[in-house]
Amino acid sequence: MNAVNATTPATKPTARLRQLLAGDGLIVAPFIMNALHARIAESVGFEAVYMTGAGTSAEKGFPDVGMLTMTEMTTNARYIANAVNLPVICDADTGYGNALNVQRTVREYEAAGVAAIHIEDQVFPKKCGFFEGKQVVPMEEHVQKIRAALDARTDPDFVIIARCDAYAVTGWEDTVRRCRAYREAGADLVFVDGIKSMDDLELYAKDLPDFPRMYNGNLAATQEVAALGYKLMICGSTIWLIYRQLRDAFTELKETGRVDPARFGTRWDVAGLLGLDEVYELERKYSV
């Protein structure tokens with residue numbers, strides 16, 4: 001943890017996330033692709049952030065089809081966790097192998113300083129939850145991965161989320177059956193991905209009413225999602241936002257020869273957010 005953003009053991013991110021989960025409200029964690037995005041989210045008042053696997057892949061030039069390694073993912077996670085004092089929730093894909101690989105994955109993400117990971121029941125290599133061609137492993141195989149993950153964590157506050165991708169593959173009844181098994185195995189939250197309609201979102205809440213549930217999407221405002229009893233919502237995908245804004249700006253530059261200055265923040269806005277004033281202060285403190 002860097003000097004500017006150091007935390008004390010009493011405010012460690014895992015404990016903070018546990019406190020938030022124990023509360024009555026919905027935790028809203030915006031998608032972030034890197035440490036800069038995490039700093040921006042923190043500056044506007046979010047209480048947690050979500051490191052998107054799709055966004056991390058996109059930054060490296062790959063679609064979200066399981067092309068990045070666990071090391072590449074945890075490297076990004078470490079930069080993000082070092083940049084903010086917020087709990088960082090991370091995509092850990094399938095755990096990058098079998099139950100033994102899952103154990104190493106948990107240890108590496110823990111060492112990176114994040115507060116939670118989700119592990120999905122797709123066949124490796126995985127695909128984005130909204131892409132075609134997904135396949136899922138047998139339910140008992142993922143139950144064992146969840147158990148292995150729980151056994152591997154050294155911080156009992158580190159949150160293990162069981163993601164289920166079965167809805168588009170084996171149907172809703174199997175999805176509910178799997179979520180119940182994952183929760184029984186000890187997962188802290190369940191996360192059904194691939195929710196595509198308000199009917200799906202309401203069914204998810206109705207059929208798993210007593211479970212701490214996570215939702216990914218923008219089908220409803222955060223207030224509506226909270227009213228359905230969800231504990232964690234990841235949303236506001238930076239990938240699509242940045243794609244649209246950059247494409248529009250680059251198109252404007254290509255067609256007109258310049259980009260409207262009204263589109264920009266300033267160099268000093270960003271430098272201030274990233275701690276330039278603290279750097280100057282430290283330079284003065286340690287100057288000879």
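Assorted remarks:
- Highest to lowest packing among 245-256, 54-65, scored as the average C-beta count within 10 Å: 54-65, 245-256
- Counted residue by residue at 0.36 nm each, then reduced by the alpha carbon distance between them, the extension gain from residue 123 to residue 249 reaches 41.5 nm.
- Of the peptides 17-24, 75-82, 260-267, the ranking by mean beta-carbon count within 10 Å, highest at the top, reads 75-82, 17-24, 260-267.
- Residue-by-residue Karplus 3J(HN,Hα) for segment 104-111, coefficients 6.51, -1.76, 1.60, Hz, glycine and proline x: 5, 4, 4, 5, 5, 5, 4, 5
- Cα gyration tensor shape for segment 194-288, rounded if a/c is under 1.5, else prolate or oblate: oblate
- Using the average count of surrounding beta-carbon atoms within 10 Å as a protection proxy, the listed peptides 136-144, 268-276, 228-236, 149-157 rank, highest first, as 228-236, 136-144, 149-157, 268-276.
- Helical mean residue ellipticity (222 nm; -39500 (n - 2.57) per DSSP H run of 4+; nearest 500) of the chain: -14500 deg cm²/dmol
- Residue-wise HN-Hα couplings along segment 173-189, as the Karplus relation 6.51 cos²θ - 1.76 cosθ + 1.60 with θ = phi - 60° gives them from phi, are 4, 5, 4, 4, 4, 5, 4, 5, 5, 5, 5, 4, 6, x, 4, 6, 9 Hz; Gly and Pro carry x.
- Förster radius 35 Å - calculated FRET efficiency between residue 135 and residue 202, Cβ distance, rounded to 0.05: 0.80
- Residue by residue, segment 55-61 carries 3J(HN,Hα) couplings of x, 4, 5, 4, 4, 8, x Hz when phi is fed to the Karplus relation 6.51 cos²θ - 1.76 cosθ + 1.60 (θ = phi - 60°); x denotes Gly or Pro.
- Under a 5 Å amide H cut-off, with hydrogens placed 1.01 Å from N, residue 159 pairs with 116, 117 among residues at least 5 apart or on other chains.
- Relative contact order (%) - the chain, alpha-carbon pairs under 8 angstrom, separation at least six: 18 percent
- Separation of the residue 224 and residue 256 label points, Cα + 7 Å toward Cβ, nm: 3.4 nm
- Beta bridge orientation in the chain: antiparallel %, DSSP, nearest 5: 5 percent
- Short to long, the 5 Å bins of the Cα pair-distance histogram for segment 96-236 hold 2, 10, 21, 22, 22, 14, 8, 1 percent of all pairs.
We did not get these values from a lab; they are worked out from the coordinates using the rules stated. These numbers were taken from a predicted model, which means no experiment stands behind them. Note: ideal-geometry Cβ built from the backbone for every residue, glycine included; neighbour counts use all protein chains shown.
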